[in-house]
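J.: Structure provided below as structure tokens; questions to follow.
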Amino acid sequence: MWIIGVLGFGQQGWGGLLIAGALMTLCVTIAALLLGAVLGTMVAWAKLSGNAVLRALGNAYTTVFRGVPELLIIYLIYFGGSGAVTAIGRYLGYEGFLGLPSFAAGALAVGIISGAYQAEVYRGAFLAIPKGELEAAEAIGMHRGLRFRRIIAPQVLRFAIPGIGNVWQLSLKDSALVSVTGLADLMRTSQVAAGSTRQYFLFFIAGGCLYLVLTSLSDRLFNRAERRANRSMPSSLGQA
Amino acid sequence: MDFVFILQTMRTLLAAVPMTLALFFLSIFFGGLLALLVVWMRVARNPILSNFAKGYIFVFRGSPLLIQMFLVFYGLGQFGFIRYSFLWPFLREPFVCAVLSLALCTAGYTAEIFRGGLRAVSVKEIEAARSIGMSGFLLVRRIIGPIAFRHALPAYSTEIVMMVKSTALASLVTVWEVTGVAQRLISQTYRTMEVFLCAAAIYLILNFLILQAMALLEHRLSQHRRAVPRLP
């Protein structure tokens, strides 16, 4: 019976806080995915461009942020970001330490990492567009903006959905590492609950189950999005 | 740029590389063995075995490694039957807990990768082997195993790079590997950028070397695919 008491929503229960933590995890991941989409588009564009300098910069970005542990990047953004904010504060006349809010630091760090993965997804999706379609668009006189809006963007989005689903799952699990900055996400809440009740096993299992709920629900959502995006396409191999 | 500081940092961090490598190799080894077991269960005809393997893969791929590691490190010690068993001297060690959770987690991912490799083995090759009388273990050892492994290799090398990065989490259960030492240096000196660059360089070099080795292995294993030089 004590399990219901501890995990419930009552006075002694941690249920409400765990749900709130799960929502926080979801918020961090959504913010990170959006930031990563912007960064990823820019990096993919840089890697596809003819300019050698841009291409090298894009390659460096994807190599570094996919090759260095996520935890290290979170430390860099959290400690380095706080240093930068403090320096700006001093410049503006504020003496003393200013911390980067842990939500911002976490979303920024996970977003930068997911940007590196998303860049590869978008690049692959762009390369999957048949060359003939781009030439046809050019032949009937579409210029760059129109061609991007009508031909490239819709197809890149469709080809990229499975890849973005993978990046989402990856970011959801990376967001657990943001707990080291003290953000009250699902991981951190489970840790605090486990520590204060001494029921480590129970709370880590509960936290893990909530993560499984998040990952399996979002998996279903992405499968539906993929089916919807492909509803006008002839059925082919590897369809969801 | 303070080169003396960077040199000193590099020396401190390099001293922690053997710990990172030990975590990596042990977890890849045990994770690989476990993955073979899981994939064998996953493709078994017995529904109990295959559903168990599906559940295993779902749980270990669907939840963050950090929560699995904390579950092993903090959670197991809570039970009396583990605390007073012969396993406790091992499970008390943070290093053993880190290797255990890394191996359990990578086994889930690796099993799916190996299953993808198995599905790439063409039925004709298996039929041919059967027609000349191979069956059972010989069939797996001579035909299915090598072909599946070669097909799985590109995805497996991605997983291996993921594992190098995942060893960083061991620092959160007090194993002093590269990221843990880097974090300690950052909080002692507040010189984030220099320490970060040194640690990042170490990980990038490790990953580069490992990917190079995997590419070499792939090259060696796919000799038959390259054009054979014609004899005059």
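The values are calculated or read from the model by the stated rules, or taken from the named source; none is laboratory data. Just so you know, these numbers come straight off a predicted model, no measurement behind them. So basically every Cβ, Gly included, is an ideal-geometry build from the backbone, and we count neighbours across all protein chains shown.
J.: Answer yes or no: is there a residue in the range A:79-96 that is buried (at least 21 other Cβ atoms within 10 Å of the Cβ) and closer than 23 Å to residue B:159 by Cα.
T.: Among the residues of the range A:79-96, not one is buried (at least 21 other Cβ atoms within 10 Å of the Cβ) and closer than 23 Å to residue B:159 by Cα, which makes the answer no.
J.: When residues of the range B:56-94 are filtered for being within 16 Å of residue A:210 (Cα to Cα) and of a type in the set (D, E, K, R), how many remain?
T.: Residues flagged as within 16 Å of residue A:210 (Cα to Cα) and of a type in the set (D, E, K, R) within the range B:56-94 amount to 1.
J.: Checking the conditions here, which among B:86, B:95, B:149 is farther than 22 Å from residue B:28 by Cβ and either more than 14 Å from chain A (Cβ to nearest Cβ) or more than 17 Å from the chain's Cα centre (by Cα) (or both)?
T.: B:86
J.: Go through the range B:21-54 and give me each residue that's within 14 Å of another protein chain (Cβ to nearest Cβ) and within 16 Å of residue B:113 (Cα to Cα).
T.: Answer for the range B:21-54, where residues must be within 14 Å of another protein chain (Cβ to nearest Cβ) and within 16 Å of residue B:113 (Cα to Cα): just B:54.
J.: Applying the selection to the range A:39-92, what residues are within 14 Å of residue A:116 (Cβ to Cβ) and among the small types (Gly, Ala, Ser)?
T.: A:40, A:44, A:46, A:58, A:60, A:67
J.: In addition: Give the number of residues within the range B:33-51 that are in contact with a helix residue (DSSP H, G or I) (Cβ under 6 Å, 6 or more places away or on another chain) and more than 16 Å from residue B:109 (Cα to Cα).
T.: Qualifying residue count, the range B:33-51: 2.
J.: Is there a residue being more than 12 Å from chain B (Cβ to nearest Cβ) and either crowded, with 20+ Cβ neighbours inside 10 Å or modelled with pLDDT of 90 or more (or both) anywhere in the range A:199-218?
T.: Looking through the range A:199-218, none of the residues is more than 12 Å from chain B (Cβ to nearest Cβ) and either crowded, with 20+ Cβ neighbours inside 10 Å or modelled with pLDDT of 90 or more (or both).
J.: Quick one: is residue B:129 at pLDDT 90 or above, hydrophobic (A, V, I, L, M, F, W, C) and more than 29 Å from residue B:59 (Cβ to Cβ)?
T.: Yes.
J.: Also, quick follow-up: Given the criteria in contact with a Phe, Trp or Tyr (Cβ under 7 Å, 6 or more places away or on another chain) and crowded, with 19+ Cβ neighbours inside 10 Å, does residue A:67 qualify? Give the steps one after another, and end with the answer.
T.: Numbers: in contact with a Phe, Trp or Tyr (Cβ under 7 Å, 6 or more places away or on another chain): yes; crowded, with 19+ Cβ neighbours inside 10 Å: yes.
It is true that residue A:67 is in contact with a Phe, Trp or Tyr (Cβ under 7 Å, 6 or more places away or on another chain) and crowded, with 19+ Cβ neighbours inside 10 Å.
J.: Go through the range B:174-196 and count every residue that is away from every other protein chain (no Cβ under 12 Å), surrounded by fewer than 22 Cβ atoms within 10 Å (Cβ to Cβ) and hydrophobic (A, V, I, L, M, F, W, C).
T.: 1
J.: Give the residue, chosen from B:159, B:177, B:112, that is among the acidic types (Asp, Glu), out of contact with any strand residue (DSSP E or B) (no Cβ under 6 Å at 6 or more places or on another chain), at pLDDT 90 or above and more than 24 Å from residue B:216 (Cα to Cα).
T.: B:177
J.: Restricting attention to helices (runs of 4 or more DSSP H) lying wholly within the range B:14-106, give those where 2 or more residues are surrounded by 15 or more Cβ atoms within 10 Å (Cβ to Cβ).
T.: B:17-42, B:47-62, B:65-70
J.: Still on this structure: Only residues that are more than 11 Å from chain A (Cβ to nearest Cβ), under 16 Å from the mean Cα position of the chain (by Cα) and of a type outside the set (Asp, Glu): list them for the range B:158-173, please.
T.: B:160
J.: Can you tell me which residue within the range B:55-71, out of those that are hydrophobic (A, V, I, L, M, F, W, C) and more than 9 Å from every other protein chain (Cβ to nearest Cβ), is nearest to residue A:26 (Cα to Cα)?
T.: Top of the filtered list is B:60.
J.: Next question, about the same structure. Anything in the range A:68-90 that is within 8 Å of another protein chain (Cβ to nearest Cβ), of a type outside the set (Val, Ile, Thr) and under 14 Å from residue A:109 (Cα atoms)? List them, or say none. I'd like the intermediate steps shown before the answer.
T.: Step one: filter the range A:68-90 for residues within 8 Å of another protein chain (Cβ to nearest Cβ), giving A:68-72, A:75-76, A:79-80, A:83.
Next cut, of a type outside the set (Val, Ile, Thr) only: A:69-72, A:75-76, A:79-80, A:83.
Those that are within 8 Å of another protein chain (Cβ to nearest Cβ), of a type outside the set (Val, Ile, Thr) and under 14 Å from residue A:109 (Cα atoms): A:69, A:70, A:71, A:72, A:75, A:76, A:79, A:80.
J.: Can you tell me which residues in the range B:137-156 are within 30 Å of residue B:96 (Cβ to Cβ) and either touching a strand residue (DSSP E or B) at 6+ places or on another chain (Cβ under 8 Å) or of a type in the set (A, V, I, L, M) (or both)?
T.: Across the range B:137-156, the qualifying residues are B:152, B:153, B:155.
J.: Does residue B:67 meet the test of being over 15 Å from the mean Cα position of the chain (by Cα) and either of a type in the set (Asp, Glu) or farther than 18 Å from residue B:22 by Cβ (or both)?
T.: yes
J.: Only one of B:155, B:213 is more than 14 Å from chain A (Cβ to nearest Cβ), hydrophobic (A, V, I, L, M, F, W, C) and within 28 Å of residue B:101 (Cβ to Cβ); which? Walk me through it before giving the result.
T.: Values: B:155 fails: more than 14 Å from chain A (Cβ to nearest Cβ).
It is B:213.
J.: Can you name the condition, by its number, that residue B:137 falls short on among (1) within 19 Å of the chain's Cα centre (by Cα); (2) of a type in the set (Phe, Trp, Tyr); (3) surrounded by fewer than 18 Cβ atoms within 10 Å (Cβ to Cβ)?
T.: So residue B:137 meets the others, but not (1).
Residues are listed down the side, and each one gets a yes or a no for (1) of a type outside the set (Ser, Thr, Tyr); (2) farther than 20 Å from residue B:193 by Cβ:
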{"position": "A:91", "(1), (2)": "no, no"}
{"position": "A:103", "(1), (2)": "yes, yes"}
{"position": "A:106", "(1), (2)": "yes, no"}
{"position": "A:109", "(1), (2)": "yes, no"}
{"position": "A:112", "(1), (2)": "yes, no"}
{"position": "A:120", "(1), (2)": "yes, yes"}
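J.: Would you mention how many residues in the range A:33-63 are under 20 Å from residue A:172 (Cα atoms) and within 14 Å of another protein chain (Cβ to nearest Cβ)?
T.: Within the range A:33-63, residues that are under 20 Å from residue A:172 (Cα atoms) and within 14 Å of another protein chain (Cβ to nearest Cβ) number 1.
J.: Now for a separate question. Would you mind finding the one in A:163, A:195, A:182, A:145 that is more than 8 Å from every other protein chain (Cβ to nearest Cβ), surrounded by fewer than 19 Cβ atoms within 10 Å (Cβ to Cβ) and under 16 Å from the mean Cα position of the chain (by Cα)?
T.: A:163
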